[in-house]
Amino acid sequence: MKYKTLNASIIAASLSFTMLTLGSVAVAQELPNTMTWTAYDVGSQGHSEASAIADAFGRAYDTRIRIQPAGSAIGRLQPLVSGRADYAFLATESFFASEGTFDFAERRWGPQDLRAVAGRPSSFGIPTAADADIHSLEDLRGKRVAYTAGNPSVSVKCDAILAFGGLSRDDVEAVMFPAHGAAMSSLVQGQADAVCTTTTASQLYELKESPRGLRWVDIPADDEEGWARMNQVAPVFQSFTETIGAGLSEYAPANMLAYRYPIIVSMADKDEEEVYAMIKALDESYDLYKDATSAIHRWVVSDSGVPPIDIPFHAGAVRYMEEKGLWDEDMQAWNDARIARLEALQEAWEATVEDASDLDDDAFKARWEERRQATLDAL
(Lines give C-alpha, C1' and ligand atoms only; values in the text may rest on other atoms or scores of the structure.)
Protein backbone atom coordinates (compact mmCIF):
# COMPACT_ATOMS: atom_id res chain seq x y z
CA MET A 1 0.00 0.00 0.00
CA LYS A 2 2.83 2.39 0.83
CA TYR A 3 4.46 1.59 -2.54
CA LYS A 4 1.28 2.46 -4.44
CA THR A 5 0.80 5.68 -2.44
CA LEU A 6 4.38 6.73 -3.12
CA ASN A 7 4.01 6.04 -6.83
CA ALA A 8 0.75 7.98 -6.91
CA SER A 9 2.47 10.91 -5.23
CA ILE A 10 5.35 10.82 -7.69
CA ILE A 11 2.97 10.68 -10.65
CA ALA A 12 0.92 13.57 -9.27
CA ALA A 13 4.03 15.64 -8.68
CA SER A 14 5.30 14.88 -12.18
CA LEU A 15 1.99 15.88 -13.71
CA SER A 16 1.98 19.14 -11.74
CA PHE A 17 5.52 19.94 -12.86
CA THR A 18 4.65 19.11 -16.47
CA MET A 19 1.58 21.33 -16.38
CA LEU A 20 3.59 24.20 -14.85
CA THR A 21 6.31 23.79 -17.49
CA LEU A 22 3.78 23.62 -20.31
CA GLY A 23 2.09 26.72 -18.90
CA SER A 24 5.34 28.67 -19.05
CA VAL A 25 6.06 27.40 -22.57
CA ALA A 26 2.57 28.43 -23.65
CA VAL A 27 3.18 31.99 -22.51
CA ALA A 28 6.59 31.97 -24.19
CA GLN A 29 4.99 30.82 -27.45
CA GLU A 30 2.38 33.58 -27.29
CA LEU A 31 4.91 36.33 -26.61
CA PRO A 32 6.94 37.55 -29.59
CA ASN A 33 10.52 36.30 -29.69
CA THR A 34 11.73 39.89 -29.69
CA MET A 35 10.15 43.17 -28.62
CA THR A 36 11.07 46.85 -28.50
CA TRP A 37 9.92 49.01 -25.62
CA THR A 38 10.42 52.74 -25.11
CA ALA A 39 11.01 54.19 -21.67
CA TYR A 40 12.36 57.21 -19.83
CA ASP A 41 16.11 57.91 -19.80
CA VAL A 42 18.63 55.49 -18.33
CA GLY A 43 18.70 55.95 -14.55
CA SER A 44 15.02 56.87 -14.27
CA GLN A 45 12.57 54.78 -12.28
CA GLY A 46 10.69 53.96 -15.46
CA HIS A 47 13.78 52.67 -17.24
CA SER A 48 14.92 50.68 -14.20
CA GLU A 49 11.57 48.93 -13.89
CA ALA A 50 11.28 48.27 -17.63
CA SER A 51 14.76 46.73 -17.51
CA ALA A 52 13.88 44.51 -14.54
CA ILE A 53 10.69 43.27 -16.22
CA ALA A 54 12.52 42.71 -19.51
CA ASP A 55 15.14 40.66 -17.68
CA ALA A 56 12.40 38.57 -16.05
CA PHE A 57 10.78 37.94 -19.45
CA GLY A 58 14.14 36.85 -20.83
CA ARG A 59 14.73 34.40 -18.01
CA ALA A 60 11.19 33.02 -17.92
CA TYR A 61 10.24 32.97 -21.60
CA ASP A 62 13.49 33.53 -23.55
CA THR A 63 12.02 36.72 -25.01
CA ARG A 64 14.61 39.30 -26.04
CA ILE A 65 13.65 42.91 -25.40
CA ARG A 66 15.35 46.08 -26.58
CA ILE A 67 14.61 49.14 -24.46
CA GLN A 68 14.83 52.46 -26.29
CA PRO A 69 15.30 55.34 -23.81
CA ALA A 70 14.03 58.84 -24.60
CA GLY A 71 14.09 62.06 -22.63
CA SER A 72 10.92 63.52 -24.11
CA ALA A 73 7.28 62.51 -24.34
CA ILE A 74 7.39 62.73 -28.14
CA GLY A 75 10.51 60.56 -28.19
CA ARG A 76 8.72 57.85 -26.21
CA LEU A 77 5.45 58.03 -28.19
CA GLN A 78 6.65 58.38 -31.76
CA PRO A 79 8.12 54.86 -32.06
CA LEU A 80 4.93 53.37 -30.63
CA VAL A 81 2.62 55.31 -32.96
CA SER A 82 4.78 54.54 -36.01
CA GLY A 83 4.93 50.83 -35.21
CA ARG A 84 8.66 50.74 -34.46
CA ALA A 85 8.00 49.88 -30.79
CA ASP A 86 5.63 47.29 -29.35
CA TYR A 87 5.02 49.00 -26.00
CA ALA A 88 5.96 52.23 -24.25
CA PHE A 89 6.59 52.70 -20.53
CA LEU A 90 5.00 56.11 -20.01
CA ALA A 91 3.66 58.42 -17.32
CA THR A 92 1.14 61.28 -17.50
CA GLU A 93 2.05 61.99 -21.13
CA SER A 94 -0.19 59.03 -21.99
CA PHE A 95 -3.13 61.10 -20.68
CA PHE A 96 -1.95 64.20 -22.55
CA ALA A 97 -1.56 62.19 -25.77
CA SER A 98 -5.08 60.76 -25.46
CA GLU A 99 -6.49 64.24 -24.81
CA GLY A 100 -4.51 66.10 -27.49
CA THR A 101 -3.02 68.58 -25.00
CA PHE A 102 0.39 70.22 -24.51
CA ASP A 103 2.89 68.63 -26.97
CA PHE A 104 0.04 66.69 -28.58
CA ALA A 105 -2.09 69.73 -29.48
CA GLU A 106 -0.06 70.19 -32.66
CA ARG A 107 -1.70 69.39 -35.99
CA ARG A 108 0.42 66.30 -36.56
CA TRP A 109 -0.76 64.75 -33.28
CA GLY A 110 -4.18 65.20 -31.71
CA PRO A 111 -5.85 62.59 -29.45
CA GLN A 112 -4.02 59.28 -29.86
CA ASP A 113 -5.82 55.93 -29.71
CA LEU A 114 -3.79 54.48 -26.83
CA ARG A 115 -4.55 51.64 -24.45
CA ALA A 116 -3.10 50.58 -21.12
CA VAL A 117 -1.81 47.08 -20.43
CA ALA A 118 -1.08 47.83 -16.76
CA GLY A 119 0.31 50.68 -14.68
CA ARG A 120 2.07 50.74 -11.33
CA PRO A 121 0.48 52.97 -8.67
CA SER A 122 2.86 55.75 -7.65
CA SER A 123 2.11 58.18 -4.84
CA PHE A 124 2.18 61.96 -5.18
CA GLY A 125 1.44 64.73 -2.74
CA ILE A 126 2.34 68.14 -1.34
CA PRO A 127 5.20 68.29 1.12
CA THR A 128 5.51 71.61 2.93
CA ALA A 129 7.99 73.31 5.18
CA ALA A 130 6.73 72.64 8.70
CA ASP A 131 7.40 76.24 9.75
CA ALA A 132 4.98 77.49 7.05
CA ASP A 133 2.13 76.25 9.29
CA ILE A 134 0.28 74.48 6.46
CA HIS A 135 -1.93 71.69 7.81
CA SER A 136 -4.66 71.43 5.15
CA LEU A 137 -5.05 72.23 1.47
CA GLU A 138 -7.03 75.35 2.40
CA ASP A 139 -3.97 76.56 4.32
CA LEU A 140 -2.10 76.79 0.99
CA ARG A 141 -4.11 79.92 0.16
CA GLY A 142 -1.68 82.81 -0.24
CA LYS A 143 1.37 80.59 0.31
CA ARG A 144 4.31 80.12 -2.06
CA VAL A 145 3.88 76.92 -4.13
CA ALA A 146 6.82 75.86 -6.31
CA TYR A 147 6.14 74.98 -9.96
CA THR A 148 8.56 73.89 -12.70
CA ALA A 149 8.49 75.65 -16.07
CA GLY A 150 7.86 73.35 -19.02
CA ASN A 151 6.85 70.35 -16.88
CA PRO A 152 3.13 69.80 -17.53
CA SER A 153 3.19 66.31 -16.01
CA VAL A 154 3.97 67.67 -12.55
CA SER A 155 2.04 70.91 -13.01
CA VAL A 156 -1.26 69.21 -13.86
CA LYS A 157 -0.99 67.06 -10.73
CA CYS A 158 -0.32 70.15 -8.63
CA ASP A 159 -3.28 71.97 -10.21
CA ALA A 160 -5.44 68.91 -9.48
CA ILE A 161 -4.43 68.89 -5.82
CA LEU A 162 -5.22 72.59 -5.51
CA ALA A 163 -8.61 71.91 -7.13
CA PHE A 164 -9.24 69.21 -4.53
CA GLY A 165 -8.99 71.94 -1.89
CA GLY A 166 -11.18 74.34 -3.89
CA LEU A 167 -8.16 76.39 -4.95
CA SER A 168 -6.38 77.32 -8.16
CA ARG A 169 -3.05 78.92 -9.00
CA ASP A 170 -4.76 82.29 -8.59
CA ASP A 171 -5.29 81.51 -4.90
CA VAL A 172 -1.63 80.77 -4.18
CA GLU A 173 1.65 82.45 -5.01
CA ALA A 174 2.88 80.17 -7.80
CA VAL A 175 6.67 80.46 -7.89
CA MET A 176 8.12 79.22 -11.18
CA PHE A 177 11.51 77.52 -11.29
CA PRO A 178 13.50 76.59 -14.41
CA ALA A 179 14.07 72.94 -13.41
CA HIS A 180 12.43 70.35 -11.18
CA GLY A 181 15.55 70.06 -9.01
CA ALA A 182 15.49 73.79 -8.32
CA ALA A 183 11.80 73.63 -7.39
CA MET A 184 12.48 70.75 -5.03
CA SER A 185 15.35 72.58 -3.32
CA SER A 186 13.35 75.80 -2.97
CA LEU A 187 11.80 74.82 0.37
CA VAL A 188 15.14 74.25 2.10
CA GLN A 189 16.40 77.53 0.64
CA GLY A 190 13.37 79.45 1.88
CA GLN A 191 12.15 80.35 -1.62
CA ALA A 192 8.83 78.47 -1.38
CA ASP A 193 6.56 76.91 1.23
CA ALA A 194 5.20 73.89 -0.65
CA VAL A 195 5.93 71.78 -3.71
CA CYS A 196 4.24 68.90 -5.55
CA THR A 197 6.22 65.69 -5.90
CA THR A 198 6.75 62.03 -5.13
CA THR A 199 7.80 60.99 -1.64
CA THR A 200 11.37 59.80 -2.15
CA ALA A 201 13.08 62.84 -3.71
CA SER A 202 16.45 63.41 -2.04
CA GLN A 203 15.65 67.07 -1.36
CA LEU A 204 12.76 66.04 0.91
CA TYR A 205 15.13 64.18 3.22
CA GLU A 206 17.24 67.35 3.35
CA LEU A 207 14.13 69.39 4.17
CA LYS A 208 13.19 67.01 6.97
CA GLU A 209 16.59 67.50 8.60
CA SER A 210 16.69 71.25 7.99
CA PRO A 211 15.54 73.92 10.48
CA ARG A 212 12.33 74.35 8.45
CA GLY A 213 11.23 70.72 8.85
CA LEU A 214 8.82 68.69 6.71
CA ARG A 215 5.05 68.19 6.83
CA TRP A 216 2.83 66.38 4.29
CA VAL A 217 -0.52 68.01 3.56
CA ASP A 218 -3.42 65.61 4.11
CA ILE A 219 -5.56 64.71 1.06
CA PRO A 220 -8.55 63.02 2.72
CA ALA A 221 -9.72 59.80 1.11
CA ASP A 222 -13.35 60.36 2.14
CA ASP A 223 -13.80 63.88 0.73
CA GLU A 224 -16.02 63.00 -2.25
CA GLU A 225 -16.47 66.62 -3.36
CA GLY A 226 -12.71 67.15 -3.29
CA TRP A 227 -12.08 64.07 -5.41
CA ALA A 228 -14.77 65.19 -7.87
CA ARG A 229 -13.05 68.57 -8.25
CA MET A 230 -9.68 66.89 -8.69
CA ASN A 231 -10.97 64.53 -11.36
CA GLN A 232 -12.38 67.44 -13.35
CA VAL A 233 -8.76 68.48 -13.91
CA ALA A 234 -7.64 64.95 -14.83
CA PRO A 235 -9.72 61.80 -14.14
CA VAL A 236 -6.73 59.57 -13.42
CA PHE A 237 -6.16 59.80 -9.65
CA GLN A 238 -7.16 57.70 -6.66
CA SER A 239 -6.59 57.89 -2.92
CA PHE A 240 -3.45 56.33 -1.48
CA THR A 241 -1.98 55.98 1.99
CA GLU A 242 1.80 56.18 1.68
CA THR A 243 4.30 54.83 4.21
CA ILE A 244 7.48 55.02 2.12
CA GLY A 245 9.43 58.27 1.75
CA ALA A 246 10.76 61.26 3.62
CA GLY A 247 9.03 61.68 6.98
CA LEU A 248 6.83 58.63 6.36
CA SER A 249 6.64 55.17 7.90
CA GLU A 250 4.16 52.49 8.94
CA TYR A 251 3.66 54.52 12.11
CA ALA A 252 3.50 57.90 10.35
CA PRO A 253 1.59 57.44 7.06
CA ALA A 254 0.13 60.23 4.93
CA ASN A 255 -3.01 60.39 2.79
CA MET A 256 -2.16 61.50 -0.73
CA LEU A 257 -3.06 60.62 -4.29
CA ALA A 258 -1.88 57.85 -6.56
CA TYR A 259 -1.27 58.08 -10.26
CA ARG A 260 0.33 55.52 -12.55
CA TYR A 261 4.03 55.48 -13.37
CA PRO A 262 5.18 53.66 -15.32
CA ILE A 263 2.23 52.68 -17.52
CA ILE A 264 2.74 49.97 -20.13
CA VAL A 265 1.01 51.44 -23.19
CA SER A 266 0.06 49.97 -26.56
CA MET A 267 -1.91 51.20 -29.50
CA ALA A 268 -5.62 50.34 -29.46
CA ASP A 269 -5.29 48.13 -32.55
CA LYS A 270 -2.58 45.97 -30.97
CA ASP A 271 -3.54 42.31 -31.36
CA GLU A 272 -5.69 41.24 -28.41
CA GLU A 273 -3.87 37.92 -28.02
CA GLU A 274 -0.49 39.66 -27.83
CA VAL A 275 -1.68 42.05 -25.14
CA TYR A 276 -3.30 39.18 -23.23
CA ALA A 277 0.04 37.33 -23.33
CA MET A 278 1.87 40.48 -22.25
CA ILE A 279 -0.13 41.06 -19.06
CA LYS A 280 -0.16 37.32 -18.35
CA ALA A 281 3.63 37.26 -18.55
CA LEU A 282 3.82 40.38 -16.38
CA ASP A 283 1.73 38.58 -13.78
CA GLU A 284 3.33 35.16 -13.93
CA SER A 285 6.94 36.42 -13.86
CA TYR A 286 6.21 38.79 -10.95
CA ASP A 287 8.36 36.86 -8.46
CA LEU A 288 11.38 37.31 -10.74
CA TYR A 289 11.31 41.13 -10.65
CA LYS A 290 9.29 42.14 -7.56
CA ASP A 291 12.39 42.95 -5.47
CA ALA A 292 14.35 44.79 -8.17
CA THR A 293 13.49 48.31 -6.89
CA SER A 294 11.83 49.77 -3.82
CA ALA A 295 8.45 50.28 -5.53
CA ILE A 296 8.35 47.64 -8.26
CA HIS A 297 6.37 45.28 -6.02
CA ARG A 298 3.34 47.48 -6.79
CA TRP A 299 3.16 45.92 -10.27
CA VAL A 300 1.05 43.12 -8.78
CA VAL A 301 -1.84 42.96 -11.26
CA SER A 302 -4.54 43.34 -8.62
CA ASP A 303 -3.22 46.90 -8.26
CA SER A 304 -1.69 47.67 -11.66
CA GLY A 305 -4.36 46.10 -13.86
CA VAL A 306 -7.41 48.03 -12.66
CA PRO A 307 -8.69 51.62 -13.07
CA PRO A 308 -8.47 54.52 -12.66
CA ILE A 309 -5.58 55.06 -15.05
CA ASP A 310 -4.65 57.64 -17.66
CA ILE A 311 -6.10 55.84 -20.69
CA PRO A 312 -8.55 52.98 -21.32
CA PHE A 313 -7.40 49.42 -20.75
CA HIS A 314 -6.80 47.25 -23.80
CA ALA A 315 -9.35 44.50 -24.46
CA GLY A 316 -6.61 41.87 -24.08
CA ALA A 317 -5.75 43.16 -20.61
CA VAL A 318 -9.43 43.30 -19.62
CA ARG A 319 -9.95 39.70 -20.71
CA TYR A 320 -7.04 38.51 -18.59
CA MET A 321 -8.25 40.44 -15.54
CA GLU A 322 -11.75 39.02 -16.01
CA GLU A 323 -10.34 35.50 -16.07
CA LYS A 324 -8.43 36.24 -12.87
CA GLY A 325 -11.63 37.47 -11.19
CA LEU A 326 -10.12 40.92 -10.74
CA TRP A 327 -12.45 42.91 -13.03
CA ASP A 328 -15.95 43.98 -12.03
CA GLU A 329 -18.89 45.90 -13.47
CA ASP A 330 -17.75 49.24 -12.06
CA MET A 331 -14.36 48.82 -13.71
CA GLN A 332 -15.99 47.97 -17.01
CA ALA A 333 -18.24 51.04 -16.70
CA TRP A 334 -15.14 53.18 -16.05
CA ASN A 335 -13.37 51.72 -19.09
CA ASP A 336 -16.41 52.18 -21.34
CA ALA A 337 -16.75 55.82 -20.26
CA ARG A 338 -13.03 56.43 -20.83
CA ILE A 339 -13.23 54.98 -24.35
CA ALA A 340 -16.30 57.13 -25.05
CA ARG A 341 -14.40 60.21 -23.90
CA LEU A 342 -11.46 59.40 -26.17
CA GLU A 343 -13.68 58.72 -29.17
CA ALA A 344 -15.57 61.99 -28.63
CA LEU A 345 -12.29 63.92 -28.53
CA GLN A 346 -11.06 62.22 -31.69
CA GLU A 347 -14.25 63.28 -33.51
CA ALA A 348 -13.86 66.83 -32.20
CA TRP A 349 -10.24 66.87 -33.34
CA GLU A 350 -11.16 65.83 -36.88
CA ALA A 351 -13.75 68.60 -37.03
CA THR A 352 -11.21 71.15 -35.77
CA VAL A 353 -8.59 70.11 -38.32
CA GLU A 354 -11.18 70.45 -41.05
CA ASP A 355 -12.62 73.86 -40.14
CA ALA A 356 -9.43 75.50 -38.84
CA SER A 357 -7.08 74.71 -41.71
CA ASP A 358 -6.51 78.41 -42.41
CA LEU A 359 -5.44 79.27 -38.84
CA ASP A 360 -1.85 79.64 -37.69
CA ASP A 361 -0.53 77.21 -35.07
CA ASP A 362 -1.38 79.32 -32.02
CA ALA A 363 -4.89 80.10 -33.25
CA PHE A 364 -5.40 76.44 -34.13
CA LYS A 365 -4.45 75.33 -30.61
CA ALA A 366 -6.80 77.92 -29.12
CA ARG A 367 -9.66 76.74 -31.35
CA TRP A 368 -8.95 73.12 -30.44
CA GLU A 369 -8.90 73.83 -26.71
CA GLU A 370 -12.28 75.58 -26.95
CA ARG A 371 -13.79 72.64 -28.80
CA ARG A 372 -12.11 70.13 -26.50
CA GLN A 373 -13.60 71.77 -23.39
CA ALA A 374 -17.02 71.99 -25.02
CA THR A 375 -16.82 68.30 -25.94
CA LEU A 376 -15.90 67.29 -22.39
CA ASP A 377 -18.63 69.49 -20.92
CA ALA A 378 -21.17 67.71 -23.12
CA LEU A 379 -20.21 64.21 -21.95
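Looking only at segment 293-306, decide whether some residue is in a helix (DSSP H, G or I), touching a Leu at 6+ places or on another chain (Cβ under 9 Å), at pLDDT 95 or above and buried (at least 21 other Cβ atoms within 10 Å of the Cβ). So far as segment 293-306 goes, yes, one or more of its residues are in a helix (DSSP H, G or I), touching a Leu at 6+ places or on another chain (Cβ under 9 Å), at pLDDT 95 or above and buried (at least 21 other Cβ atoms within 10 Å of the Cβ). Scanning segment 173-189 for residues that are part of a loop (DSSP other than H, G, I, E, B), touching a helix residue (DSSP H, G or I) at 6+ places or on another chain (Cβ under 7 Å) and surrounded by 21 or more Cβ atoms within 10 Å (Cβ to Cβ) returns a single hit, 187.
On the given criteria, is residue 140 surrounded by 17 or more Cβ atoms within 10 Å (Cβ to Cβ) and over 30 Å from residue 363 (Cα atoms)? Answer is yes for this residue.
Of everything listed in (1) buried (at least 20 other Cβ atoms within 10 Å of the Cβ); (2) modelled with pLDDT under 95; (3) not in a strand (DSSP E or B), the single unmet condition for residue 98 is (2).
Taking segment 192-212 as the range and being part of a loop (DSSP other than H, G, I, E, B) and either acidic (Asp, Glu) or modelled with pLDDT under 95 (or both) as the test, the residues that pass are 193, 198, 199, 200, 201. Scanning segment 313-336 for residues that are open to solvent by less than 30 Å² (accessible area, probe 1.4 Å) and touching a residue at least 24 places away in the same chain (Cβ under 8 Å) yields 313, 314, 316, 317, 320, 321, 335. Can you confirm whether segment 213-236 contains a residue that is on the phi > 0 side of the Ramachandran plot, modelled with pLDDT of 95 or more and of a type outside the set (Phe, Trp, Tyr)? Within segment 213-236, one or more residues are on the phi > 0 side of the Ramachandran plot, modelled with pLDDT of 95 or more and of a type outside the set (Phe, Trp, Tyr). Out of curiosity, is residue 377 of a type in the set (D, E, K, R) and at pLDDT below 95? The answer is yes for residue 377. Summed over segment 221-266, residues that are in a loop (DSSP other than H, G, I, E, B), of a type in the set (Val, Ile, Thr) and either touching a Gly at 6+ places or on another chain (Cβ under 6 Å) or surrounded by fewer than 17 Cβ atoms within 10 Å (Cβ to Cβ) (or both) total 2. Candidates 111, 152: the one that is modelled with pLDDT of 95 or more and touching a helix residue (DSSP H, G or I) at 6+ places or on another chain (Cβ under 9 Å) is 111. In segment 285-312, the residues that are without any contact (Cβ under 8 Å) to a residue 12 or more places away in the chain reach residues that are in a loop (DSSP other than H, G, I, E, B) and not polar (S, T, N, Q) with C-beta atoms within less than 6 angstrom, at least six apart or across chains, in these pairs: 297/290. The residue that is modelled with the highest pLDDT, among those in segment 23-37 that are under 21 Å from residue 89 (Cβ atoms) and open to solvent by 60 Å² or more (accessible area, probe 1.4 Å), is 34. Set side by side, the residues 87, 61, 40 differ, and just one is in contact with a Gly (Cβ under 7 Å, 6 or more places away or on another chain) and buried (at least 20 other Cβ atoms within 10 Å of the Cβ), which is 40.
Restricting 326, 282 to residues that are part of a loop (DSSP other than H, G, I, E, B) and either farther than 30 Å from residue 84 by Cβ or modelled with pLDDT of 95 or more (or both) narrows the list to 326. Just to be sure before I move on: is residue 354 of a type in the set (D, E, K, R), surrounded by fewer than 14 Cβ atoms within 10 Å (Cβ to Cβ) and in a helix (DSSP H, G or I) in the structure I sent? Yes, satisfied. Looking at 78, 112, 68, just one residue is open to solvent by 10 Å² or more (accessible area, probe 1.4 Å) and assigned to a strand (DSSP E or B), and that residue is 68.
Could you tell me whether residue 192 is in contact with a Lys or Arg (Cβ under 8 Å, 6 or more places away or on another chain), surrounded by 20 or more Cβ atoms within 10 Å (Cβ to Cβ) and among the hydrophobic types (A, V, I, L, M, F, W, C)? Yes; evaluated as a whole, the condition is true for this residue. Of the candidates 342, 376, the single residue that is under 21 Å from the mean Cα position of the chain (by Cα) and within 16 Å of residue 99 (Cβ to Cβ) is 342. Would you mind stating whether residue 153 is buried (at least 21 other Cβ atoms within 10 Å of the Cβ), within 16 Å of the chain's Cα centre (by Cα) and outside any loop (DSSP other than H, G, I, E, B)? Taking the combined requirement at face value, the residue does not satisfy it.
The values are calculated or read from the model by the stated rules, or taken from the named source; none is laboratory data. All values reported here derive from a predicted model rather than from experimental measurement. Using ideal geometry, Cβ is built from the backbone for each residue, glycine included, and neighbour counts are taken over all protein chains shown. Accessible surface areas use protein heavy atoms only, side chains included; no ligands, DNA or RNA. Shrake-Rupley method; radii C 1.70, N 1.55, O 1.52, S 1.80 Å.
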